[in-house]
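Can you read through this structure? Questions will come right after.
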Amino acid sequence: MTVESFKLKLLVLTLLLLQPGLRAPLTPAQTLLTPEMLRTIELASVEGPAVAVIAGSDQSAGEIAVVCAPGKCEAVEWAAKKLGPAITAKQLPRPARTIRVVQSATTPARDTRAAIFVGESKGRHLRIVRGAWSTANIADEVVEVFARQAVTTFEAGSYESAGQPQWEALGIPVTTVIPPADASDLDRTSFVAAASAYFLATLPNAGSEALLSLLMVGAHARLAEDGRRAVAMMGVQQRASGEVLTMFANAIDREQRRIGSFERFMPAPVDAMLHSRIVDMQKDITGVWSSIGITPSPFVPPAERIRGRGGEDRRIPARLSAEPLPKVELPTAFLKFDNVDVIVQELGNFIDGKRSISDIRDAVSSEFTSIALPVVVEYFERLARAGAISLK
């Protein structure tokens, strides 16, 4: 072997050794916050004084609330302690939004973009309770992503009454984290709350693109849950009734609002190209409508559908003040529902000056259980007589 050929082979071998190997795939959480940031949050000490407020760098960007029930604040206090000192020490960049630790009985700041509520410990596994359909928001997706990073098994489900603050009436979405009864999991719960709050407080950030992709994945996963419900409602013959069509249409509408809520965390005015992209994403998920055989017809948003059923009420309720709706005597038919307080709250949450009484009845029926239209009409008319809303 000549010296030249030996040098050539040595050069080739060196180049091969220098070639980077296959990169280990990142977890979804690591596409939102870097592995270094996640490690900093996870390993941060929870010793030291309580941290109530982590000031953001932009006063106009709003706030993220980390919420607890009175007397049950250990997990949210740990979450703040994981973030506050690390941000002060510049181990984590200061977020644009303020992160505030509050109790559920506290009146929230009006510019609160999202709330993460840590409820009372119960059950065997960490549970994530998604927000109400009326305030569908990206926070649900973010919290679920970081929950997967923290634990191997967790449960995620639709809105229920889990003792969370009733802030949806103020337009504030609330995602609930319920720790398992095992006290050793408290640190992982605080990690989920801390990482979720920090990510939302720093938007837009390097993980914005990944979040948009995860929103599409999550939308299809949640619509798959609704699809199973629709198939069960259709029965053996798989015939889609009006109730099935209404439920699934409102589920699609919910996910479209969730995707659209991404703009809530962007600087104003929202970039035109980003807005166009979000509109395209909202259109893309409507393909689920026909792919599972519910109907071959083009998707029509619930608010634009002409139902054609008897007794439709197209009057549009509108609030007469920004205050929460007063409590009025409920129609007797409401008493059959176990979760009547949640249903009544959601009826009020859907009042936006655009939806008709029938639209609101359909939305709440899709989220919980079928409610007869006359019962909803009677409830709204009582609110109107009390001077809380107008009906036009």
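Enumerate the helices (runs of 4 or more DSSP H) found wholly within the stretch 173-260, keeping only those where 3 or more residues are of a type in the set (S, T, N, Q) and in the same structural domain as Gly56 (by TED's automatic domain parsing).
Filter on the stretch 173-260 gives 186-202.
Among the residues of the stretch 129-165 satisfying the criterion of being charged (D, E, K, R) and part of a helix (DSSP H, G or I), which is nearest to the chain's Cα centre (by Cα)?
Asp140
Name the pairs whose Cβ atoms lie under 6 Å apart, with the first residue in the stretch 166-181 and within 12 Å of Val67 (Cβ to Cβ) and in contact (Cβ under 8 Å) with a residue 12 or more places away in the chain, the second surrounded by 23 or more Cβ atoms within 10 Å (Cβ to Cβ) and basic (Lys, Arg), and 6 or more positions between them or separate chains?
Final answer for the pair search is none.
List pairs: first residue in the stretch 373-389 and over 14 Å from Ile316 (Cβ atoms), second residue of a type in the set (Gly, Ala, Ser) anywhere in the structure, Cβ distance under 6 angstrom, at least six positions apart or on different chains.
Leu373/Gly311; Val375/Ala333
Another question, if that's okay. Just checking, how many residues over the stretch 218-239 are under 18 Å from Gly131 (Cα atoms) and among the hydrophobic types (A, V, I, L, M, F, W, C)?
Looking only at that region, the number is 4.
Matching residues to (1) surrounded by 18 or more Cβ atoms within 10 Å (Cβ to Cβ); (2) modelled with pLDDT under 85; (3) in contact with a Leu (Cβ under 7 Å, 6 or more places away or on another chain):
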site	(1), (2), (3)
Ala150	yes, no, no
Gly163	no, yes, no
Gly171	no, no, no
Thr176	yes, no, no
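(1) of a type outside the set (Val, Ile, Thr); (2) in contact with a Ser or Thr (Cβ under 8 Å, 6 or more places away or on another chain); (3) modelled with pLDDT of 90 or more; (4) farther than 22 Å from Asp226 by Cα: which one isn't true of Asp362, the others all being true?
(4)
Another question, then. I'd like the full set of residues that are hydrophobic (A, V, I, L, M, F, W, C), under 22 Å from Lys392 (Cα atoms), buried (at least 17 other Cβ atoms within 10 Å of the Cβ) and touching a residue at least 40 places away in the same chain (Cβ under 8 Å), limited to the stretch 327-363.
Within the stretch 327-363, Leu330, Phe350, Ile357, Ile360, Ala363 meet the criteria.
Evaluate the stretch 78-100: report whether one residue or more is crowded, with 23+ Cβ neighbours inside 10 Å, of a type in the set (A, V, I, L, M), in contact (Cβ under 8 Å) with a residue 12 or more places away in the chain and part of a strand (DSSP E or B).
Checked against the condition, which is being crowded, with 23+ Cβ neighbours inside 10 Å, of a type in the set (A, V, I, L, M), in contact (Cβ under 8 Å) with a residue 12 or more places away in the chain and part of a strand (DSSP E or B), the stretch 78-100 yields at least one hit.
Say we look at the stretch 178-198 and pick out the residues that are at pLDDT 95 or above and out of contact with any strand residue (DSSP E or B) (no Cβ under 9 Å at 6 or more places or on another chain); which of these is farthest from Val76 (Cα to Cα)?
Only one residue tops the list, namely Ala195.
In the stretch 28-46, which residues are in a helix (DSSP H, G or I) and under 15 Å from Leu83 (Cα atoms)?
If the condition is that a residue be in a helix (DSSP H, G or I) and under 15 Å from Leu83 (Cα atoms), then Glu36, Met37, Leu38, Arg39, Thr40, Ile41, Glu42, Leu43 are the ones that fit.
Could you tell me which of the residues Ser321, Ser366 is in contact (Cβ under 8 Å) with a residue 40 or more places away in the chain, of a type outside the set (Phe, Trp, Tyr) and either crowded, with 21+ Cβ neighbours inside 10 Å or over 23 Å from Arg110 (Cα atoms) (or both)?
None of the others qualify; the one that does is Ser366.
A further question on this structure: Being of a type in the set (D, E, K, R), in contact with a Phe, Trp or Tyr (Cβ under 9 Å, 6 or more places away or on another chain) and within 22 Å of Val174 (Cβ to Cβ) is the filter here; which residues of the stretch 331-389 pass it?
Matches in the stretch 331-389: Glu346, Glu367.
Further, regarding this structure: Limited to the stretch 62-75, what total is found for residues that are at pLDDT below 95 and hydrophobic (A, V, I, L, M, F, W, C)?
Qualifying residue count for the region: 4.
Further question: Exactly one of (1) surrounded by fewer than 20 Cβ atoms within 10 Å (Cβ to Cβ); (2) of a type outside the set (D, E, K, R); (3) touching a helix residue (DSSP H, G or I) at 6+ places or on another chain (Cβ under 7 Å) is unmet by Ala197. Its number?
Of the numbered conditions (1) surrounded by fewer than 20 Cβ atoms within 10 Å (Cβ to Cβ); (2) of a type outside the set (D, E, K, R); (3) touching a helix residue (DSSP H, G or I) at 6+ places or on another chain (Cβ under 7 Å), the odd one out for Ala197 is (1).
The values are calculated or read from the model by the stated rules, or taken from the named source; none is laboratory data. Keep in mind it's a predicted model, so treat the numbers as computed, not measured. When we count neighbours, we look across all protein chains shown, and the Cβ atoms used for this are built from the backbone with ideal geometry, even at glycine.
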